[in-house]
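Please find one structure pasted underneath; my questions will follow.
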Amino acid sequence: MLVVHANVVNMVSASWDGLNYSHRQLQSKEPNVATSTSLIMQASFCVLPSRELLVVTSQKGIQIYESDGSIMVYWHALDTPETPTAQAVFARGISAVRDNYICVGVSSGSILVFDIPSKGSNITLSEVLEEHKESVTDMASECSGSQECIADMVSADDGGNLCVWKAGEEFQILNKIPGFDMTCSSVKLWKGTIAAGYGTGQIRLYEAVTGILHVEINAHARWIYSLDIAPFAGLLLSAAEDSLVRVWHMSLTPETNSVEVAHLHNECVTDTQICGARFCDDDGCAFAVTGYDLSEIIRYTQT
């Protein structure tokens, strides 16, 4: 599990029962600079069939490490203007796609597609996708493991717009789902269904390829910061500034092309604006949360 604070990534590994854990820190780096003060925007483990990498995005660029953080194998600098502008520059939104791609969004709205070799540091920028007109907020690849799903990735932006992609030597745009001028802060893709969380506190479930809206939930009273899916169980986790973490169950009925959602559980982290939440396993047996100005990770286990 990864938790970001300022220019440091905290890497935490825990046993299944949560009783034993290890912790280490990774400082943001830049070439030819001893210590970077650049704020880290996001960090994510990217699991490809041939290797696992740690991707860190910041205001200065994109850092790709071996999964334990020991070696930086690639650095991509962002284009920063020589004179300050009103538009902030940063990278945000990370997704491992198919066998050999890692995609990263940037504040200009572009998505950078990196081709990852099975070993070594010969990583190349293979394509730049230019569909978004506003800053990319999040991206996700199909997490069910199904080879039957047409869509491989979904990306979201500050205007709430969603782009659905088919991966390949050249990525193809399959669908654009318009936003409502409200940020889509977190997005997931499961069995061809998009789960999108918004600044309004709403969750919307769309069919990825057609853009049909299946479900709209008034899930939280404030900004949703994090969604996660336990793909084996069909569980959806949502966490927001209203101090609540909620667990939902999603069921798909292919015969009628319908999606149903049921609320299963919620936890309240009192007086905490929750800014991150993740399932600890693919079955959704446990999840962990943290919040602003909170020096702890709180872990909940299903009993």
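Give me the percent of accessible area attributable to carbon and sulfur for the chain, probe 1.4 angstrom.
Here carbon and sulfur together make up 48 percent of the probe-accessible area.
Which of the aspartates and glutamates could a cross-linker span from Lys29 if the Cα-Cα distance has to be under 19 Å and same-chain partners fewer than 8 positions apart are dropped?
Correct list for Lys29: Glu66, Asp68, Asp79.
Shifting gears a bit: Considering just Cα atoms, how many Å³ per residue does the convex hull of the range 59-164 enclose?
Details: hull volume 12.6 nm³, N = 106.
Dividing the Cα hull volume of the range 59-164 by its residues yields 119 Å³.
Counting only other residues whose beta carbon sits under 13 Å from that of Ser108, what net charge do I get with K and R as +1, D and E as -1?
Net local charge, Ser108 excluded: -4.
Quote the convex hull volume per residue of the chain, based on C-alpha atoms, as a whole number of Å³.
Residue-normalised Cα hull volume stands at 138 Å³.
If you average the sequence gap of Cα pairs under 8 Å that are 6 or more apart and divide by the length of the chain, what percent do you get for the contact order?
8 percent
On to the next question. Set the Förster radius R0 to 25 Å, insert the Cβ-Cβ distance between Asp271 and Met182 as r into 1/(1 + (r/R0)^6), and round the FRET efficiency to 0.05.
The value I calculate is 0.45.
I would also like to ask the following. What does the C-alpha gyration tensor say about the overall shape of the range 260-300? Classify as rounded when a/c is under 1.5, otherwise prolate if a/b is larger than b/c, or oblate.
Details: a/c = 2.54, a/b = 1.54, b/c = 1.65.
The shape class here is oblate.
Then there is this: Could you give the longest part of the chain that holds none of the GluC sites (Glu not before Pro) found in DSSP loops with at most 12 neighbouring Cβ atoms within 10 Å?
The answer is 171-254.
Scan the chain and report its longest stretch carrying no trypsin sites (Lys or Arg not before Pro) that are both in a DSSP loop and have at most 11 other Cβ atoms within 10 Å.
On the way: sites that count: Lys119, Lys133.
In the chain, the maximal stretch lacking such sites is 134-303.
Give me the 1.4 Å probe accessible area per residue for the chain, excluding ligands and nucleic acids, in Å².
48 Å²
Which of the chymotrypsin sites (Phe, Trp or Tyr not before Pro) across the range 175-281 are loop residues per DSSP, with 10 or fewer other Cβ within 10 Å?
none
Provide Ser258, Ser243 ordered by accessible surface of protein heavy atoms (probe 1.4 Å), highest first.
Ser258, Ser243
What is the Cα radius of gyration of the range 162-271 over 2.2 N^0.38 Å, N being its residue count? Working shown, then result.
On the way: Rg = 14.2 Å, N = 110, 2.2 N^0.38 = 13.1 Å.
Relative to the rule-of-thumb radius for its length, the range 162-271 sits at 1.09.
The values are calculated or read from the model by the stated rules, or taken from the named source; none is laboratory data. Predicted, not measured: the structure shown is a model, and the values here were computed from it. Ideal geometry is used to build each Cβ from the backbone, glycine not excepted, and the neighbour counts take in all protein chains shown. Areas reflect the complete protein model, heavy atoms only, side chains present, ligands, DNA and RNA absent. Shrake-Rupley method; radii C 1.70, N 1.55, O 1.52, S 1.80 Å.
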